[in-house]
Amino acid sequence: MIRPLEVSYEAVYYDGQSTTRHNARVQLRAAELEISIENGAAFIWPYTSMRITADGTYGEPVRIEHEGVEALVIEAREFVEALRQHGVTHKTIPLDLRSWPAVLLCCIAIAVIATVLYSRGVRLAAEQAARFMPAGMERRLGLSVIAILAPEQARCTDSESRLQPIVNRLSAATGSRQPFKVIYVNQAIVNAFAAPGGFIVVFRGLLDETKTAEEFAGVLAHEMQHVLLKHSDQALAREFSARAMLSLMSVDSGGTPAAIEAGVRLANLKYQRSDEEAADLGGARLLARAHLPADGLAILLRRLQAYSMPGSSALSYLSNHPATEERLEALTQQARSLNQSVTPLMSAEDWAIARDVCAGK
């Protein structure tokens, strides 16, 4: 005998206009869902106006969209079976298959790499599969990460145009179609990090520590290399199981899986040593192509290392970008080996004005 399932489930409601979560309760009716939001609002969604964008097959929460805008996320994966017991089938609520080609590619990549590198474990397979993440999904993952780590109310936007020429100059020198978006945060943290999809977050504290525009360019060039080499994607993959990573990759164009909330770990992830070395080398070459001094990052790291004390805010950046003597020497040697003609960005006085992007806050 088939056990009847519940008709009432806890859910999270998204209005499609923001990333704000609203706790909700969903009640199954004969021809519709009744949704009650924690703030007292209530909605009725006819089954015929809905579609299933994630059905829990790979362990992800069930996700249902209403008219392509609003969405419900239900952690209970038996919810789809409860719908079926109410006579609701995929003919009534279609299962969205638009993202399945990308899902299939990721599945194949995971299967092949896991077979070849089985002794290294599933985590390594998921990390390598991150290389195949479609650009659109990568950007949505990045947007979700920065929504947590760099919320809009903390961002500085009034004067960021003063720094945009530096971003544009480096971006053009990459020779890549990858768009970059630098987000400035009004916090005294001495740090910067790259997120998936071309997003780079720079905290006010780091800008305050730079003496020249060339030092800032050195930081940007390094973080741009992390983006281009997909180091952020792979760092996230190392934190998730293969199944969770597949859930991240398979989200459709309107969705944000609940697993993305774990992206807050990105702020504390340390890149592998090989990642940092690759970003250092690529960043120095990028600076040379942009006709900028290639030693800007080394100069900044040496200064931060020189006066950093226990409890110092400078340790935040150094914890993510260890300034070992070996690394500093390698950075210096790379800069010396590059033949370059330098076109200055701006004077130290002009830089002191330009870096104050949070003046309006």
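FYI, it's all coordinate maths here, none of it is from the lab. Since the model is a prediction, treat every value here as computed from it, not as a measurement. Heads up, the Cβs are rebuilt from the backbone with ideal geometry, glycines too, and the neighbour counts pull from every protein chain shown.
For region 8-85, what class follows from the C-alpha gyration tensor (a ≥ b ≥ c being the square roots of its eigenvalues): rounded when a/c is under 1.5, otherwise prolate if a/b is larger than b/c, else oblate?
rounded
If packing is taken as the mean number of other Cβ atoms within 10 Å per residue, what is the order of 17-28, 159-170, highest first? Each step should come with its number before you reach the end.
Details: 17-28: 14.5, 159-170: 16.6.
So the order, starting with the most tightly packed, is 159-170, 17-28.
Cα centroid distance between region 50-80 and region 270-307, in Å?
About 44 Å separates the Cα centre of region 50-80 from the one of region 270-307.
What distance in nm separates the two pseudo spin-label positions at Thr48 and Ala306, each 7 Å out from Cα along the beta-carbon direction?
So the label points at Thr48 and Ala306 sit 7.4 nm apart.
Could you give the length gained by full extension between Ile353 and Ile37, i.e. 0.36 nm per residue of separation minus their alpha carbon distance, to one decimal place?
Values: separation 316, 0.36 × 316 = 113.76 nm, distance 4.72 nm.
Roughly 109.0 nm would be gained on extension.
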